[in-house]
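The values are calculated or read from the model by the stated rules, or taken from the named source; none is laboratory data. The structure presented is a predicted model; accordingly, all values stated were derived computationally and were not measured. Cβ sites come from the backbone with ideal geometry, for glycine too, and all protein chains shown count toward neighbours.
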Amino acid sequence: MANPFLAVPIALHLIAAASGGVPTLDVRPSCLAAAKAEITTTDRMQTCMADEQSARDQLVKTWTKFNSADRVACVSTMDFEPTYTELLTCLEMAGEAGKLPEQLY
């Protein structure tokens, strides 16, 4: 079982980053896991890393357009092999959810 106290510094770092700029994530473990599920591991790893770089680039361009509370919420939920794609999707969904009429909540 993983030590829960080891996650605290990581979580605090990610929450602090959410209030500033785009956090720096190590997407290699996630891409490696995805690559292992494929026959052509090298190609999948390269594709995954390129996709993650593209998602990060988009986040850099749009980071300040997202609500700061949404940034903190999305970053704080990422505790296991976080990815830029996951972060971007969370922020986009939170933004869309914020546009829904209150009675739908």
Restricting to region 20-45, and then to whatever is assigned to a helix (DSSP H, G or I), modelled with pLDDT of 90 or more and not hydrophobic (A, V, I, L, M, F, W, C), can you tell me which residue is surrounded by the most Cβ atoms within 10 Å (Cβ to Cβ)? 30
Go through region 63-88 and give me each residue that's assigned to a helix (DSSP H, G or I), of a type in the set (Ser, Thr, Tyr) and modelled with pLDDT under 95. 64, 68, 76
Could you check, for region 80-91, whether at least one of its residues is surrounded by 12 or more Cβ atoms within 10 Å (Cβ to Cβ), out of contact with any Ser or Thr (no Cβ under 7 Å at 6 or more places or on another chain), among the charged types (D, E, K, R) and farther than 18 Å from residue 20 by Cα? yes
